[in-house]
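What follows is a short report on a single structure.
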Amino acid sequence: MTVDSLEGQIADWRAYVATAPGVNGHDLDELEDHLRHQIAELTAAGLSDDEGFLIAVKRLGDVDGLSREYAREHSSRLWKQLLSAHDEPTRVSGGWVEALAFALGVAVAIQAGRIAAGFPDEEPTWFARNLSLIVLPFLAAYFARRRRLEIRRWVVTAVPFVLGAVVVNVYPWNGSSATEAFGSSSDTEVLAILALPVALWFVIAYPYMGGLLRAHERRMDFVRFTGEWFIYYVLIALGGGVLMGLTAAILEPTDVDIDQVAAWVVPSGAAGAVVVAAWLVESKQRVVENMAPVLTMLFTPLFAVMLASAALVYAVTGLGGAFDRELVGVLDALLVVVLALVLYGMSARDASTSSPSWMDGIQLGAVVSALVLDLMVLGTMVARIGDLGFTPNRTAALGLNLVLLANLAVAGWLAARFLARRTTFHRLERWQTTYLPVFALFAAAVVVVLPPLFGFR
Amino acid sequence: MHIDKDLVAASATPLVLAILTEGESYGYAILKRVRALSGGELEWTDGMLYPLLHRLQRLGYVTTEWRTPPEGRRRKYYAITDEGRAALTGHQQQWAAVTRALRDVWPGSVMALGEA
C-alpha cells in the first residue's frame, strides 16, 4: 500500500465526516490530526497503512455518535436540525398541515373577535386589550403540541393566558365602556395594551422550550427563534402589503369595496402569519440561518454608528438634559431595538470561535453608546418626575429605562472584559439568558400592577 | 476489567483537567496520557474527547491555540485556566467524598487494599 492511497483514504474519510451535522472545518482538522497520529503510531508498531487506518478510524468512534456529541456541545451549529440525542427527529420541512390548522384557527378566531367588536367601523378598547389574548394562545398551543408537552405542562402554559384575560377584562379601566374608541383609552390602559403582548410572548417560551425554562441554552434558542420569527413576519407582511395593494388596484374598476375586502383579509392574514412565521422558523431554518447573521452583521454596526453619533450630538449640544416627551419615547424604542440586535447577534454567534472578533468590538460600541443615551434619558425622566410627579407613562418609562440600564451596564462590563480576554463569551451569554425573565416580569408588572397603582387613569 | 460507561463519562472531565495541569497539551497526547494513567482500563472512544474539550473551552476552563510545530501539521493546543483549576478542585473534593463513602461500606475490598 502506497502513501498516496493512505492520503486518499484519509481524504475520503474527511469528506465523509464533513457531511455529519455539528462538525465544522476546525473540528475536522483536529480529528484528522488525531487520526494521523494514531496511524503513524500503529504503522510504527508494524501494521500496514491500511490496517493502521482501519483501526484508527474505528477508535475515533462511529460518525453518528461523534456527530451527536459535537452537536450536543455545539447546539448552536445544529439548531437547524434540532436534533440531539433524546429529541425525536423533527420533520425537516414537515408539519405544515398542523401549522395550517393552527393558522386557520387563529384566522377564524380573530374574525370572530372583529365581528363582535364591529371593527373597523367601531373601535372598542376591549378588542385592543384582548388582541394578543386571541392570537398568542394559538402559537402557544402550536408549540405545546409540537413539543408533545404533557397535560400538566399544557395547563401551566394556559395559566398566564387565563390570568391575563382576567386582568385586562375585569380591571375597571376608566371610561372604557364597550363603545369607547381606542383614542380615548386611559394611559394605564394603553400601557397594558402595549405590554401584554410582550409579557405573553415570554409565555410562549415555556412551550417552545418544552417546559425546560431553566435550560440556558434553550433560552438562547428562544431568543434566536424570536429574531428569526420577526424576520419572517416582516417578510410575510411585506408580501401581504404588495398583495393588498395590487388587489386594490385590480378591484378599482369594479364595485367591490376594497375596505370591506381588507377588513376580512388583513386581520386574518396578520394573525395567521404569526403561526406561519413560527412554522417557517421551525422547519425552513437553513434559509434564515444564512440570512440572519448577515442582517445582524449589517445592522449592528449601522446602529452602533447611529447611537454613538446621537449620544455625541446630545452631549455636545447639551440637549441630553431635557428631551421632550416624544423623543424619550423614540429613544426608549431605539434602546429596545439595540438590545434586541445585540441579543440576537449573540444568539447567532458561532460558538466555536471563542476569541473576540471585530463584531464583538462593534457590539460593545453599540452597548456603550446605548448606555450613554439611556443615562441621558434617565436623567430627563428623573427631572421630569421631580417637577411634575409620577404618572403612569413616566413610571413605565422610568421602569423600562432602569431595566435596560441594569442589563446594558453589566453587558457592557462583561463585553469589555471579554474583549480584553479576561472572561469567556459564555459568561456574557449567561448574563443575558439570566436576565430574560426580568423583561417578562417588567411587562407583566405594567399590565397587572401599574393600573391599580394609578387608579386606572 | 470493563469500566462502566457512566463512570468513564463522569471521570472524563476531572481526568482531562488534571492532565492539563501537567502542562498544555493536544488531543492525541491527552488521550495517550489517559490510557497510560489507567493502564489501558479506561476505554474512551477517541473522538469523544474533542466535544468534551470544546465544552471545557466554552466554560472557560481551558484556552486553545492553533500552532504549527516546525516538523508537522497545524495542531490545536489546550491549556488550563485558573477557572479550570478551581473546577478541578471541586471535582477532586467530590471524588474524594465518593471514594471515602465507598471505602467505608466496603471494608477489605479492592479499594481499601489499594489504599494500604
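What the table below lists for this structure:
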quantity	calculated
Amide proton proximity set for B:VAL62, modelled H, under 5 Å, gap of 5+	B:GLN57, B:THR81
Low-density loop cleavage sites - trypsin sites (Lys or Arg not before Pro) in region A:134-168, where at most 12 other Cβ are within 10 Å (DSSP)	A:ARG148
Whether region B:1-64 is rounded, prolate or oblate, judged on the alpha carbon gyration tensor where a/c under 1.5 counts as rounded	prolate
Karplus 3J(HN,Hα) series, Hz, for region A:158-169 with 6.51 cos²θ - 1.76 cosθ + 1.60 (x for Gly, Pro)	6, 3, x, 5, 5, 4, x, 4, 4, 4, 6, 9
Derived scalar couplings ³J(HN,Hα) [region B:8-23; Karplus, 6.51 cos²θ - 1.76 cosθ + 1.60; whole Hz; x for Gly, Pro]	4, 5, 5, 8, 4, 4, x, 5, 5, 4, 5, 4, 6, 5, 6, x
Gyration tensor (alpha-carbon) shape descriptor, region A:179-247, a/c threshold 1.5	oblate
Two-decimal log10 I(q)/I(0) for region A:325-457, as the Debye equation yields it once each C-alpha is a single scatterer, q = 0.13, 0.16, 0.18 Å⁻¹	-0.59, -0.83, -0.98
Estimated distance in nm for a label pair at A:TYR16 and A:LEU327, the labels positioned 7 Å out from Cα along Cα-to-Cβ	6.7 nm
Ranked A:MET346, B:MET48, criterion: other C-beta atoms within 10 Å, fewest first	B:MET48, A:MET346
Under 5 Å, built H, 5+ apart or other chain: amide partners of B:TYR26	B:TYR78
Cα gyration tensor category, rounded, prolate or oblate, for region A:25-64 with a/c compared to 1.5	oblate
10 Å Cβ neighbours from other chains, averaged over peptide A:50-59	1
J(HN,Hα) series, region A:206-223, from Karplus relation 6.51 cos²θ - 1.76 cosθ + 1.60, nearest Hz, glycine and proline x	4, x, 4, 8, x, x, 9, 5, 7, 6, 5, 4, 5, 4, 5, 4, 5, 4
Chain A: Rg to Rh, with Rh as the Kirkwood radius over Cα pairs	1.05
Extension gain (nm, one decimal) between A:LEU194 and A:MET306, 0.36 nm per residue minus Cα-Cα	37.7 nm
Estimated inter-spin distance, A:ALA44 and A:LEU375, nm [label 7 Å along Cα→Cβ]	6.0 nm
Loop trypsin sites (Lys or Arg not before Pro), region A:206-282 (other Cβ atoms within 10 Å of the site Cβ: 15 or fewer; DSSP)	A:ARG214
Value of relative contact order over chain B, rounded to a whole percent, pairs C-alpha under 8 Å and six or more apart	25 percent
Kirkwood Rh and Cα Rg combined as Rg over Rh, evaluated for chain B	1.03
Over chain A, relative contact order from alpha-carbon pairs under 8 Å, at least 6 apart, %	18 percent
Count of Lys pairs (Cα-Cα under 28 Å; at least 8 positions apart or interchain) in the protein assembly as shown	8
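Quick note: the coordinates plus some simple rules give every number you see, no bench work behind them. Since we're looking at a predicted model, the values are computed, not measured. So basically every Cβ, Gly included, is an ideal-geometry build from the backbone, and we count neighbours across all protein chains shown.
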